Amino acid sequence: MIDSKKKIYVLDASAIIFGFSSLEESQITCREVLNEVKYGGAAPYRATVIREGAGPRVIDPSEEYIEMVKKKMDEIGEQDLSEADVKLLALAIEFKEKGWRPVIVSADYSIQNIALAFDIDVEKIIHRGISKKIRWISYCPSCRWVGGVFRGGTCPRCGNRLKRRSSA
């Protein structure tokens, strides 16, 4: 049984691939993350270890938390999250609302950004990671038009493909 007063590590694919583990704290992930790590190198071995109970517990998040993540993505213009990323974040939010202290272990900047937007702790691996929340806005590299929250698409002024940049 997991003690809800302790922190719980929420592992993304990079955490599993690079062998993150903690003997002192509980670890969880979602089924989609396991699907991401089942190919290449030692990843199949790691996925097997997890399935046999030596790694994080596999839990599916509730739909309401998935929707919360998607809404936040739209609010801040974060578009590059996979289904696994969204469900992993939803899992962390769900555990946080149940009184846990989730810590997402990830090398993915987009996951880190959304986690910070929900005030969820992040343990960065491989890279330095991000240190503050980012809100992405649209801009046109051709005519220099600047718009609201990034959602992709084309420039309303010249028709070229929009790009994104931080609003800070």
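Asp3 falls short of the stated requirement of being in a loop (DSSP other than H, G, I, E, B), at pLDDT 90 or above and among the acidic types (Asp, Glu). Filtered by the rule that a residue be among the β-branched types (Val, Ile, Thr) and under 12 Å from Lys70 (Cα atoms), the range 84-99 gives a lone residue, Val86.
Applying the selection to the range 114-144, what residues are part of a loop (DSSP other than H, G, I, E, B), modelled with pLDDT under 85 and not basic (Lys, Arg)? It would help to see each step written out before you state the result.
Keep residues of the range 114-144 that are part of a loop (DSSP other than H, G, I, E, B), which gives 118-120, 125-135, 140-144.
Cutting the leftovers down to modelled with pLDDT under 85 gives us 125-135.
Residues satisfying the conditions are Ile125, Ile126, His127, Gly129, Ile130, Ser131, Ile134.
Suppose we filter Val86, Val103 for residues that are part of a strand (DSSP E or B) and either at negative phi or surrounded by fewer than 17 Cβ atoms within 10 Å (Cβ to Cβ) (or both); which single one remains? Even if it seems obvious, please write down each step before you answer.
On the way: Val86 fails: part of a strand (DSSP E or B).
None of the others qualify; the one that does is Val103.
Sort out which residues of the range 145-167 are more than 19 Å from Ser110 (Cα to Cα) and not in a loop (DSSP other than H, G, I, E, B), and write them in order of number. Within the range 145-167, Val146, Gly147, Thr154, Arg161 qualify. Of the set (1) aromatic (Phe, Trp, Tyr); (2) closer than 24 Å to Gly19 by Cβ; (3) not assigned by TED's automatic domain parsing to the domain that holds Pro56, all apply to Trp145 but (2).
Is there a residue being free of Cβ contacts under 8 Å to residues at least 60 places away in the same chain and of a type in the set (Phe, Trp, Tyr) anywhere in the range 91-107?
Taking the range 91-107 as the starting set, the residues that turn out to be free of Cβ contacts under 8 Å to residues at least 60 places away in the same chain are 93-94, 96-97.
Adding the requirement that they be of a type in the set (Phe, Trp, Tyr) leaves none.
No, the conditions are met nowhere in the range 91-107.
The values are calculated or read from the model by the stated rules, or taken from the named source; none is laboratory data. What you see is a predicted model; the values in this text were computed from it and never measured. Note that we place each Cβ from the backbone using ideal geometry, even for glycine, and neighbour counts take in every protein chain shown.
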